[in-house]
Each structure stands twice: as C-alpha cells, then as structure tokens.
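These notes are about the structure you will find just below.
The values are calculated or read from the model by the stated rules, or taken from the named source; none is laboratory data. Please read these numbers as outputs of a predicted model, since none were measured by experiment. Cβ atoms come from the backbone with ideal geometry, glycine included; neighbour counts cover every protein chain shown. Heavy atoms of the whole protein, side chains included, go into the accessibility calculation; ligands, DNA and RNA do not. Shrake-Rupley method; radii C 1.70, N 1.55, O 1.52, S 1.80 Å.
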Amino acid sequence: MTIEYPSVVRRRTLLKLGGAAASAAVLPWAAPADAATSRAITADLRPAPAKAAILGANRPKTDVLAYNGTVSGPVVTMHQAVPFQSTVTNGLDQGTTVHWHGIRLPNDMDGVPFLTQKPIRPGADFHYAFTPPDAGTFWYHPHEHTAHQMGRGMAGALIVKEPEPPPFDRELLWVLQDWAFEPNDQFVPGFDTPMEAAMSGRIGSVVTINGVVPGPIKLRAGERLRIRMVNACLARFMALRFTGHRVTVIALDGQPCHPFQPANGQVIIAPAQRVDLQLDTTGQPGRDYPVIDDFYGRHATYRLVTLAYTKQQPRRRSLPAQPIILPPNPVPKPDLSNPIRHHLDIVGGMMGGMGMTADGKPAPIWGIKDGSRTSDGMAPIFTIPLGRTALLTLENHTAFWHPMHLHGYSYTVLSRNGVKEPYPHLRDTVILRPKDTVEIAFAATNPGDWMFHCHVIEHQVNGLMTVIRVA
Ligand code: C2O
Ligand code: CU
Ligand code: CU
C-alpha cells in the first residue's frame, strides 16, 4: 500500500494533532511563509531576571535569567529569505548581546561584544535586522558573560521555515539544557570556576526539554514526525537512543544532509549542535518507549524522556521506506582545487597545561595555535581573502572533547583522522574527540571578523577561541 503525503500539510489538522500531544514539547506548524508580502518578521527580546519552574509546577521556582521571562527562551520563527528584525532590550544588570547561532548573516549583526558591536548596556537596546538565507534549526544566546547568562537560562530555539513546509505530519522541538541545583532548588553558583573550566565544563545533573523536566510525550502510531533538537547546554554532550525506533538524521546544524541512520542507533549531539530527525512512529499503540542518553557511559545513563503511544489506531498502516529529503540551502560550494590552508592546534586543559606566559603570568587554560602564533582571543589569527576557499585542519592535542564552532558560515566537514566523511556534510559546530584531526572547508564569501571557538562555554571563555578574518 502506498501512502500519499500531501505536499503542503493543512494547518488546521496539524494544530489539532499538536493539541492532543504533550504541549511543552510540541510545536504545531505556523502558517506558511509570508513571503509574498515580504514584510519583515519581528520578534523582540528582553533578557531579565525571572523565576522558572524548571523542576516542575509543585517545586519552588528557581531564579533564572531569561528572554521574555521564559526558559528556554521564546521560539523565534523566521522564514527563509524573508527579512527579520529584533529589538533587544537589556533588563539585566550587566551587558549582553544576542548571537544568532548558525545564521549566515552580516558581520555587524553577529552579536559578538567588542568585535561586531558594543555590549548592550543595562536598560539600553540594540536593533538586529537581517535576512536568513538558510531554512533550518538554529538557536540564539548571549555572547557576553556567556557562562553566567546562558548557564542561568538565556538560550532559545530559532527556526527558519522552508517556503514549502516539508510533508511531516507534525514536528517536535526539543531544546536540551542541563542544570546543577543546590538542595534549595537554586543553581549552584560560580559558573566558571577553574576546576569546571580546566576539565569538561559544568555538567548539570538535571536535564530539561524546553525548560522543564519532561513528562511523557504522547505520540500516535503511524505518523512521520520531525524532531528538531538543539543542545543548549554549556558543556554536556548527549548520545540519544530512541529505544524501539529507527530514527533517520535529515539535517545537521540546520543544514539538510544525506539522510542516514546513526551508527549504533546513537544520535550524538554536542553543545551548540542541532540535529533534525525523522521519527516514524512505528511503535505499538499503548506502549512506552524511553529515550536514553548514554554518552557518559553505563553509570551515567539516564532516561531523557518517554515516548508514550496513545491507544489510538495507527494513523496509517505503513509508512514509506523513503525518508523525506529536505530542500538544500544556498550555501556556496568550497573550491578545493586551490584553497588557502591553515593548520590549527587545540591545546591546553588539565592534562596538557600551557604553563606560564613569557612574562611569568599563568597562561590561559586553553588555546588555539596557528604554527608558532597563539590566539589572543579577539585579534584575527589569520585572514582569508574574500572569495577564496579556506581549508582548515583542526588538530586536538588535548584529552578533552571540543565542539568547534565558526560564526557566519556553514562549513563542509571533509575528513576525520585522514578518513573521508562518507557523506560530506555541512556543520557550524564540529566535534573534535581527544586527539582527533578534522579537515573543514568553506568558501569565504561572507566578509568580516568571525569567531571560531569551542562551544563548551567554560573552554571558550578560558582561551579556546580565536577570530578568523575574511577580507
Ligand atoms: Cu553559539 Cu560564538 O556561539
Ligand atoms: Cu555562532
Ligand atoms: Cu572545548
């Protein structure tokens, strides 16, 4: 039996389905793009102190820092190639910025303090305006006092809709965050202690989806779902197993990829990465299927959430074998015939400290080096001529995992430890395991000073960052 999927899914039907499911984790389709009118889409943000019921409605609320009062922040929805604008008003008692992670935007909209803009002072505002070229799953977060602000709740999903919605029955959004609580249900203070910084960063013991410890997510059998996952943790990696299901990865870091089933059924997602999954609900009505995270091994395995099938009849008897292929984004292809090459070494950490600087001060815990030149954080480590292709070899000399993120670009991951990637794919954040060497390439078509850093925030703020200039 073949199943016809309508090419445009009707909004009303989906809203009804969405309403039947666990509301916090379900995102009904919005109306199709307003592209015809081309009016700018506006979403204003106000970060400020707030209280949030992260541990559940009947537990004391936690003091957080939040965009528009909610943890995670409001879902910012844009439409591909349609102008977007946001006035950000700072309700905090310290400076902030908003970084639109993964969006290929003009440099002065990138939200990096002292590089692309001044921090937004308390009580002041800043107007961001740009047109997102790519559809996909992205996110936003501050880039000033990042450990302190993001670690207390400031992060939200950013979804750029395709002009034609792909024919999923519905989609779920999971913004993944973790928290370290004191017995009084407040956060453990600190956020960039030397110990957390030198090791793996802060790994909290409570993991939430969309800002709450999730209850079961109700699913109906016989549906084809898209799950957009955003890892908004400071430092926690995840390896998610959807027990009883075969999930298909359809996009990485917002960019559609050749669909694949992840090795060992484990969906690996590092801090700042996004994964879009196709989940066919092939389970049995009335049964529960846990989603397990076993990244940190047997002793740290936990159940992230339970997929709870309703007793309803399956919506369809069978689903097509072919996964849904998302339309590609207009990312310029790197020209590998004559690239500008650089070799960047990632150094530091507890087991490979950098010791002292020449003038006897303690060196930063982490660093990025290009030959003999060590990054000083905000000065460009090298310049790529505008229009050329950059081919960067990243070598991890440390004993730790680092998700390495480049602003302003989606780059092609070419190889890992000398082995070609089976399907070259785009990323804005690539994992370097201990001792890994990874080659990435991008066509340097977007001018400006672009941060390149580890997205374990404690590593970034302690030296694992640099700037790449395209000019
Ligand atoms: Cu999401 Cu510079 O980072
Ligand atoms: Cu970024
Ligand atoms: Cu790191």
State the Kirkwood hydrodynamic radius of the stretch 233-337 in Å, one decimal place, computed from all pairs of distinct Cα atoms. 15.8 Å
Please list, ordered by chain and number, the residues whose modelled amide H lies under 5 Å from the amide H of Leu219; skip anything fewer than 5 residues away on the same chain. Ala308, Tyr309, Thr310
Check: in the chain the Lys pairs 8 or more apart or on separate chains whose Cα atoms fall under 22 Å apart number 9
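Calculated FRET efficiency, Gln85 and Asp376, Cβ-Cβ r, R0 30 Å, to nearest 0.05?
It comes to 0.30.
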Could I have the simple spin-label model distance between Asp93 and Ser337, label points 7 Å from Cα toward Cβ, reported in nm to one decimal? 6.1 nm
Taking amide H atoms as placed 1.01 Å from N in the peptide plane, list the residues 5 or more away in sequence, or in a different chain, whose amide H sits under 5 Å from that of Val112. Gln117
Per-selection Kirkwood Rh - the chain (Cα, Å, 1 d.p.): 22.8 Å
Amide H contacts of Leu304 (H built 1.01 Å from N, under 5 Å, at least 5 apart or other chain): Val291, Ile292, Asp293
If you count only protein heavy atoms and use a 1.4 Å probe, how large is the accessible surface of Phe442, to the nearest 10 Å²? 0 Å²
Applying the Karplus parametrisation 6.51 cos²θ - 1.76 cosθ + 1.60 with θ = phi - 60° to the phi angles of the stretch 379-384, what ³J(HN,Hα) value in whole Hz is obtained for each residue in order, glycine and proline being reported as x? 8, x, 7, 6, 10, 9
Using packing as a proxy for protection, rank 79-85, 149-155 so that the peptide with the highest average count of other Cβ atoms within 10 Å comes first. 149-155, 79-85
Given the whole protein assembly as supplied and a 1.4 Å probe, what does the accessible area of Lys435 come to in Å², nearest 10? 130 Å²
Local charge sum around Ala308 (other residues, Cβ-Cβ under 13 Å, Lys/Arg +1, Asp/Glu -1)? +4
Report Rg(Cα)/(2.2 N^0.38 Å) for the stretch 173-309, keeping two decimals. 1.10
Exposure rank, largest accessible area first [Ser375, Ser86; 1.4 Å]: Ser375, Ser86
Antiparallel DSSP beta bridges within the chain, percent to nearest 5: 75 percent
Can you give the accessible area of Glu395 in Å² (nearest 10), computed on protein heavy atoms with a 1.4 Å probe? 50 Å²
Quick one: 3J(HN,Hα) in Hz for the stretch 255-260, Karplus 6.51/-1.76/1.60 with θ = phi - 60°, rounded, Gly and Pro as x. 9, x, 10, 4, x, 8
Here the Kirkwood hydrodynamic radius of the stretch 323-471, Cα-based and in Å, equals 15.9 Å
Using the alpha-carbon atoms, what tilt in degrees (0 to 90, nearest 10) does helix 11-20 show relative to the longest principal axis of the chain? 90 degrees
Just to confirm my numbers, what's the Cα centroid distance between the stretch 416-471 and the stretch 59-83 in Å? 27 Å
In whole Hz and in residue order, list the ³J(HN,Hα) couplings for the stretch 45-54 that follow from phi through the Karplus curve 6.51 cos²θ - 1.76 cosθ + 1.60, θ = phi - 60°; x for Gly and Pro. 10, 9, x, 6, x, 7, 10, 9, 8, 5
Dipole of the chain, positive end: most advanced residue of Val249, Pro285, Tyr140 [Cβ charges, Cα centre]: Pro285
Arrange the residues Glu458, Glu164 by how much accessible surface each exposes, largest first, with a 1.4 angstrom probe. Glu164, Glu458
Value of Rg/Rh across the stretch 76-172 [Cα atoms, Kirkwood radius]: 1.01
At 222 nm, what value in deg cm²/dmol follows for the chain if DSSP H runs of at least 4 each add -39500 (n - 2.57) and the sum is divided by all its residues, to the nearest 500? -1500 deg cm²/dmol
Compute, for the chain, the length of the dipole vector about the Cα centre, with Cβ point charges of +1 (Lys, Arg) and -1 (Asp, Glu) only. Units Debye, rounded to 20. 1520 debye
